[in-house]
Amino acid sequence: MAKHEGKGGDKGSGNGSGNGPTGLRALLRVPPGRGPVALKAYTPASTPGGPPDKAAALAGEPASRERLVDLQTRLFAQSTAGDPRCVLLVLQGMDTSGKGGTLKHVTAGMNPSGVRVKAFKAPTEEEREHPFLWRVRRALPGPGEIGVFDRSHYEDVLIARVRDLVPRDVWTGRYDVINNFEQSLADDGVSVVKIFLHISYEKQRERLLARLDDPDKHWKFDSGDIEERALWPAYQRAYEAALERCSTDAAPWYVVPADHKWYRNWAVRTLLLEHLELIDPKYPVADFDVERSRARLLAT
């Protein structure tokens, strides 16, 4: 079982409620202000709070997905009446942790008009000419939307730190910038759901080998993946720092064990569900005379 502190009693729900987090949010949340985070204390193959096995997870998926799609539809609908609220789902993790697979699973069946997906790659020349949050602000979800970031602004305190892409004093200053940015999002009605997909060193090797062994998956493989794997300890330290420094009441981090794909998908879907249920979106009330419109339509 992975270590997951903060099962109750923490102030703040992480997106607007004055009550402590409950459900899976409480179990997987990195409690703000608790000090150093040690990823070795979290077991990537564990399934905290989840169904007993894969079969049970799959059996419960249709009802869960139906509820998720319903809430997404309501969220999008209420924005037409001026409600500014939206959701930003941030997915971070080492290569093969399943960011793309999770994205496809969670958004399946949703109204594409209400979903905005952005995969952050290496910055372009234009993006390098601006502050690091410039490209992130341009990709934020609008009212009623669910935005999904496959990687995010956290790359600027992860790979930028590990690869020495910027001086130390630059990336260390970005933690506070990120916290202020995410607080401003929460203040504007954005529910920020940040998820670290925690995969083991052994499972990553297994998944990379699977890509090499299957010609249909060669397109997924990059020789640079091996170079990045050699930097595993440095990346773990970088993630620990990000989890510690940037898990706040406004935008907490959640550590999702990702060795089991079925649990990973279940957990991310459940976390998104819980945050949408906190918003409790409603269909807007008609601002016109329904019966008069019905009579006019029947007369045509």
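The values are calculated or read from the model by the stated rules, or taken from the named source; none is laboratory data. Quick caveat, the model's predicted, so the values are computed rather than measured. Cβ coordinates were reconstructed from backbone atoms using ideal geometry, including for glycine residues, and neighbour counts include every protein chain displayed. Calculation scope for accessible area: heavy atoms of the full protein, side chains included, ligands and nucleic acids excluded. Shrake-Rupley method; radii C 1.70, N 1.55, O 1.52, S 1.80 Å.
In this structure, the residue pairs whose Cα-Cα separation is over 29 Å, taken from Lys261/Lys282; Lys121/Lys282; Lys121/Lys217, are Lys261/Lys282; Lys121/Lys282. Relative to the longest principal axis of the Cα atoms of the chain, the long axis of helix 201-213 lies at roughly 80 degrees. Build a GNM of the chain with springs between Cα atoms under 10 Å apart, and of Asp289, Asp83, Asp259 the one that fluctuates most is Asp289. Within the full protein context, the accessible area of Val90 is estimated at about 0 Å² for a probe radius of 1.4 Å. Less than 5 angstrom separates the built amide H of Arg116 from those of Ile146, Gly147, Val148, all sequence-distant by 5 or more or on a different chain. Taking all protein chains together, Arg205, Arg151 sort by accessible area into Arg205, Arg151, largest first [probe 1.4 Å].
Between Arg163 and Ala210, the FRET efficiency from the beta-carbon distance, with R0 = 45 Å, is close to 0.95. Under a 5 Å amide H cut-off, with hydrogens placed 1.01 Å from N, Lys194 pairs with Val90, Tyr254 among residues at least 5 apart or on other chains. Our helix-only sum for the chain, with -39,500 (n - 2.57) per DSSP H run of n ≥ 4 divided by its residues, gives a mean residue ellipticity at 222 nm of -13500 deg cm²/dmol.
Taking the accessible area of the stretch 121-228, probe 1.4 Å, and keeping the other protein chains in place, the carbon and sulfur fraction comes to 48%.
For Thr22, the solvent-accessible surface computed with a 1.4 Å probe is close to 90 Å², ligands and nucleic acids excluded. Of Pro215, Pro257, Pro284, the residue with the greatest mean-square motion in the GNM of the chain, using alpha carbon springs below 10 Å, is Pro215. Between helix 232-245 and the chain there is an angle of about 50 degrees, using the helix long axis and the longest principal axis of the Cα atoms. Summed over the residues of the chain and divided among them, the accessible surface reaches 49 Å² per residue at a probe radius of 1.4 Å.
Specify the residue with the greatest mean-square fluctuation among Arg207, Arg138, Arg161, computed from a Gaussian network of the chain linking alpha-carbon atoms under 10 Å apart. In this elastic network of the chain, the residue with the biggest mean-square fluctuation among Arg207, Arg138, Arg161 is Arg138.
Of the residues Thr73, Thr300, the one with the largest accessible area comes first in the ranking Thr300, Thr73, computed with a 1.4 Å probe on protein heavy atoms. Per-residue surface analysis assigns Leu140 an accessible area of about 40 Å², computed on protein heavy atoms at 1.4 Å probe radius. Eigenvalues of the alpha-carbon gyration tensor of the chain, scaled by 5 and square-rooted, set the equivalent ellipsoid semi-axes at 34, 23, 21 angstrom, largest first. Taken as Cα centroids, the stretch 26-41 and the stretch 116-184 sit 22 Å apart, rounded to the nearest whole angstrom.
Taking Cα atoms only, the orientation of helix 54-79 departs from the longest principal axis of the chain by about 60 degrees.
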